[in-house]
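Engineer: Quick one: the structure is below, and I'll ask about it shortly.
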Amino acid sequence: MKSISKQQVVQSVDKNLDQVYQVSTMVSLLDGIYDGDFYMSEIKEHGDFGIGTFNQLDGELIGFDGEFYRLRSDGKAYPVQGSDCSPFCSLTFFRPDIYHEIKQRMTLEEFEEEMKRVMPSENLFYAIRMDGVFKKVKTRTVELQEKPYVPMVEAVKSQPIFDFNDIKGTIVGFWTPQYAHGIAVSGFHLHFIDEERNAGGHVFDYEIEECKVQISQKLNMNLRLPNTKDFFKADLSSHDLVAGIEATEGNPE
Ligand SMILES: [Zn+2]
């Protein structure tokens, strides 16, 4: 057998750099498929940056600079363990293509409009990182679920919501084109962690005081589906995707 040349190795890494590595799908979470087969021991092969959730919906994943955290419903952040498993996450190697600075106060709506001007096309995938000071950040963390699992629309009804005010920290996540809704969450899907790496969650709303924005453009998506009985048997065709994702990922107000 021929050994792989150094050049081939370099090429495969370069290809990885340009992709979103997508573990399972948003529609399977909606259906209550909360146990996956993707272990965090593998995570660094597929990215140094990402967001997602954990088996039994036990917390929110956030990672950047190769450091990954689990934000639990007790409001605290825990370093991710190799034995932690995820039923849904989006990962990438973050290499910024675009730098942008926000110097005045900006609401979520204003920032999203600004980003749409900055991003070359809404039809591509982007990883986004925002480091700065936030007037407010409103988050939730999903809560550990016990079997038999209820659909996510039900599961999020008891989710704890956190309001952070005048806080330094980092918001990271992805822009997903509308056509990929159901695989991931179309539009902006963002998670937050404070500067001390103590607390955070899935972002519903925010107001920027000032922040540095970095955007990493992605032309590839690698979709990895769970090799589990639950996923094989799930009926993923019966969901009203738009309403379901809005109810589970959008601002409950
Ligand atoms: Zn989320």
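Laboratory data are not the source of any read-out in this text; all were calculated from the coordinates shown. Since the structure is predicted, the reported quantities are computational estimates derived from the model, not experimental observations. Every residue, glycine among them, receives a Cβ derived from its backbone with ideal geometry; neighbour counts consider all protein chains shown.
Engineer: Label the range 129-236 by shape, choosing from rounded, prolate and oblate, from the square roots a ≥ b ≥ c of the eigenvalues of the Cα gyration tensor; if a/c is under 1.5 it is rounded, and otherwise prolate applies when a/b is larger than b/c, oblate when it is not.
Structural biologist: oblate
Engineer: Hey, another quick one. Could you give the length gained by full extension between residue 195 and residue 83, i.e. 0.36 nm per residue of separation minus their alpha carbon distance, to one decimal place?
Structural biologist: That works out to 37.8 nm of additional length.
Engineer: Something else now. Given H placed 1.01 Å from N in the peptide plane, which residues other than close sequence neighbours of residue 20 have an amide H under 5 Å from its amide H?
Structural biologist: Amide H to amide H, under 5 Å and 5 or more residues apart or across chains, residue 20 pairs with 220, 221, 222.
Engineer: If amide hydrogens are placed 1.01 Å from N in the peptide plane, which non-local residues have theirs closer than 5 Å to the one on residue 185?
Structural biologist: The answer is none.
Engineer: Of 157/218; 76/157; 135/212; 157/233; 147/233; 76/136, which pairs sit farther than 22 Å apart, going by alpha carbon to alpha carbon?
Structural biologist: Pairs exceeding the cut-off: 157/218; 157/233.
Engineer: Evaluate E = 1/(1 + (r/R0)^6) for residue 238 and residue 39, where r is the Cβ-Cβ distance and R0 equals 22 Å; express this FRET efficiency to the nearest 0.05.
Structural biologist: Efficiency at R0 = 22 Å is approximately 0.15.
Engineer: Is the chain rounded, prolate or oblate when judged by the Cα gyration tensor, a ≥ b ≥ c being the square roots of its eigenvalues, rounded requiring a/c under 1.5 and prolate requiring a/b larger than b/c? Intermediate values should be presented prior to the final figure.
Structural biologist: On the way: a/c = 1.45, a/b = 1.05, b/c = 1.38.
Because its axes are fairly even, with a/c under 1.5, the chain counts as rounded.
Engineer: How far apart, in nm, are two points set 7 Å out from the Cα along the Cα-to-Cβ line at residue 147 and at residue 105?
Structural biologist: With each label point 7 Å from Cα toward Cβ, the separation is 5.0 nm.
Engineer: Next question. Take the chain, connect every pair of alpha-carbon atoms lying under 10 Å apart with a spring to form a Gaussian network, then pick out the residue of 53, 107, 92 with the largest mean-square fluctuation.
Structural biologist: With Cα springs under 10 Å in the chain, the top fluctuation among 53, 107, 92 is at 107.
Engineer: Follow-up. Anyone know which of 135, 116, 147 comes out most mobile in the 10 Å Cα GNM of the chain?
Structural biologist: Highest fluctuation of the listed residues: 147.
Engineer: Would you mind ranking 99, 69 by Cβ crowding within 10 Å, fewest neighbours first?
Structural biologist: 99, 69
Engineer: When the chain is modelled as a GNM with alpha-carbon springs shorter than 10 Å, which of 233, 76, 103 fluctuates the most?
Structural biologist: 233
Engineer: Using helices alone, what [θ] at 222 nm do you get for the chain, with -39,500 (n - 2.57) per DSSP H run of 4 or more residues, divided over all residues and rounded to the nearest 500?
Structural biologist: Details: 6 runs with 46 residues, N = 253.
Here the helix-only value at 222 nm equals -5000 deg cm²/dmol.
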